[in-house]
Amino acid sequence: MTPTTLPPVLRHHLAALRILLVFTVITGLAYPLLVTGIAQAGLPHQANGSLLTENGRPVASSLIGQNFALPKRNPRDPNEALRPDPAWFQPRPSVGGYDPLSSGASNLGPNSTELVKAVRDRRAAVAAFDGVPPASVPADAVTTSGSGLDPAISPAYAYEQVNRVAKARHLAPARVKGLVTRHVQERALGFLGQQRVNVVALNHALAGLGEPAAPGLERARD
């Protein structure tokens, strides 16, 4: 039986199957291999996850924020709250605790009394931790991001933490401030977004000043 003598319904199914196989090869094999090849040739660092390395080993990704906290007093207690480590620059709050499996926002609106109280409590805690007046605490220090994994903070929040980090590390504030300045990223294309500081990359550079690796970076090795 030749293709021309097959029933119309069967011929249509065979034509659809051939189209499926052709586009499977094009979109499922050829296109991904082409894009991967271009990415690896032109932007290998970004294509491989924007990894930060130490002694040749990847320790973190600059695309995903993380906590920089003191060790738990009781490691077996899952309900013990993390305490921020004064020796490291702190990220903005995260609903999921920077767990990549718990990405998301609080979904609380501006009229939520729970959100208002959380912002008020965070502002007081950040002000006391950094030794600054509550009125000077930037908005990103007390509000979470939409993803809960944002690695960036505003330059204002980074500069606010300089004196506290310098004191905890026995470093000159000017040296720590200069490190922050070198990590300020400008707006994309000069007009998209806002200036920002990647906290993971900043703390990675801070660890390079001779201090032990950041707790979060240590966890990333394991």
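Just so you know, all these numbers are worked out from the coordinates, no wet-lab data involved. Being a predicted model, the structure only gives us computed values, none of them experimental. Using ideal geometry, Cβ is built from the backbone for each residue, glycine included, and neighbour counts are taken over all protein chains shown.
Points to keep in mind about this one:
- Alpha carbon Rg of the chain, scaled by the compact-globule rule 2.2 N^0.38 Å: 1.43
- Among Gly97, Gly193, Gly178: highest mean-square fluctuation, GNM of the chain, C-alpha pairs under 10 Å: Gly193
- With all projection directions averaged, the alpha carbon convex hull of the stretch 3-45 covers 3.3 nm².
- Estimated vicinal HN-Hα couplings, Hz - the stretch 131-142 in sequence order (Karplus 6.51, -1.76, 1.60; Gly, Pro = x): x, 10, x, x, 5, 8, 6, x, 4, 6, 7, 10
- Charge tally in the Cβ shell below 9 Å around Ala141, where Lys, Arg are +1 and Asp, Glu are -1, Ala141 excluded: 0
- Among His183, His12, His170, the residue with the largest mean-square fluctuation in a Gaussian network model of the chain, with springs joining Cα atoms closer than 10 Å, is His12.
- The chain: angle of helix 173-182 to the longest principal axis, Cα-based, in degrees nearest 10: 20 degrees
- Using alpha-carbon coordinates, inclination of helix 113-130 to the longest axis of the chain, degrees: 60 degrees
- Interchain or long-range residues, amide H under 5 Å from Val59's placed H: Leu52, Thr53, Glu54
- Helix-only mean residue ellipticity at 222 nm for the chain, each DSSP H run of n ≥ 4 adding -39500 (n - 2.57), per residue, nearest 500: -12500 deg cm²/dmol
- Note, ³J(HN,Hα) from phi for the stretch 187-202, Karplus 6.51, -1.76, 1.60, rounded to Hz, x at Gly and Pro: 4, 5, 6, x, 9, 9, x, 10, 4, 8, 10, 7, 5, 5, 5, 5
- Sequence-ordered 3J(HN,Hα) estimates for the stretch 17-27 from the Karplus curve with 6.51, -1.76 and 1.60 and θ = phi - 60° stand at 5, 5, 4, 4, 5, 4, 6, 5, 5, 5, 8 Hz, glycine and proline given as x.
- Positive-end residue, the stretch 51-221 charge dipole about Cα centroid, Cβ charges, pick of Gly208, Phe89, Leu115: Gly208
- Highest-MSF residue in the chain out of Arg122, Arg11, Arg182 [GNM, Cα springs under 10 Å]: Arg11
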